[in-house]
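J.: Here you go, one structure.
The values are calculated or read from the model by the stated rules, or taken from the named source; none is laboratory data. On a predicted model such as this, the values are computed, not experimentally measured, just so you know. Using ideal geometry, Cβ is built from the backbone for each residue, glycine included, and neighbour counts are taken over all protein chains shown. Please note that ligands, DNA and RNA were not included when accessible areas were found on the heavy atoms of the full protein model with its side chains. Shrake-Rupley method; radii C 1.70, N 1.55, O 1.52, S 1.80 Å.
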Amino acid sequence: MEDPVARLRAICLALPETTERASHGEPCFFIGGKKQFVSVDDHHHGADRLAFWCAAPAGAQEALIATDPDRFFRPPYVGHRGWIGVRIDTGPDWDEVAEIVRDAYRQVAPKTLISELDA
């Protein structure tokens, strides 16, 4: 079975000017080395999941949680800002994960990089 964090890493690092560095002991992904848009949640504070937290468009957090509360959740610390938690330890749909990550990127990236993404 492929490592879910490695798969997530490949999705994130394929986006323009994305870098990875550890934050709070977990892999995190930044645009231009400054603006974080994805953070890995590897059983954070004993949670029963391997997941990631990411920026999300307005209303997406509530909609995704309502659709599948076993897979999506409101993460601590950043959930109040509309970020979404996404489990990656239960056989996720990787096309959907890639779409969620691209949406997160669009929430944080400057317009020039968003246009590069869309080109």
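J.: I'd like to know if region 40-52 contains one or more residues that are closer than 21 Å to ALA98 by Cβ, buried (at least 21 other Cβ atoms within 10 Å of the Cβ) and small (Gly, Ala, Ser).
T.: Taking every residue of region 40-52 in turn, at least one turns out to be closer than 21 Å to ALA98 by Cβ, buried (at least 21 other Cβ atoms within 10 Å of the Cβ) and small (Gly, Ala, Ser).
J.: What number of residues within region 1-39 satisfy the criterion of being assigned to a loop (DSSP other than H, G, I, E, B), under 17 Å from TRP94 (Cα atoms) and open to solvent by less than 70 Å² (accessible area, probe 1.4 Å)?
T.: Summing the residues that are assigned to a loop (DSSP other than H, G, I, E, B), under 17 Å from TRP94 (Cα atoms) and open to solvent by less than 70 Å² (accessible area, probe 1.4 Å) in region 1-39 gives 1.
J.: Just give me the residues in region 53-76 being open to solvent by less than 20 Å² (accessible area, probe 1.4 Å) and free of Cβ contacts under 8 Å to residues at least 12 places away in the same chain, in sequence order.
T.: Within region 53-76, no residue meets the criteria.
J.: Quick check on my filter: what residues within region 77-91 are open to solvent by less than 50 Å² (accessible area, probe 1.4 Å) and out of contact with any strand residue (DSSP E or B) (no Cβ under 7 Å at 6 or more places or on another chain)?
T.: GLY79, GLY82
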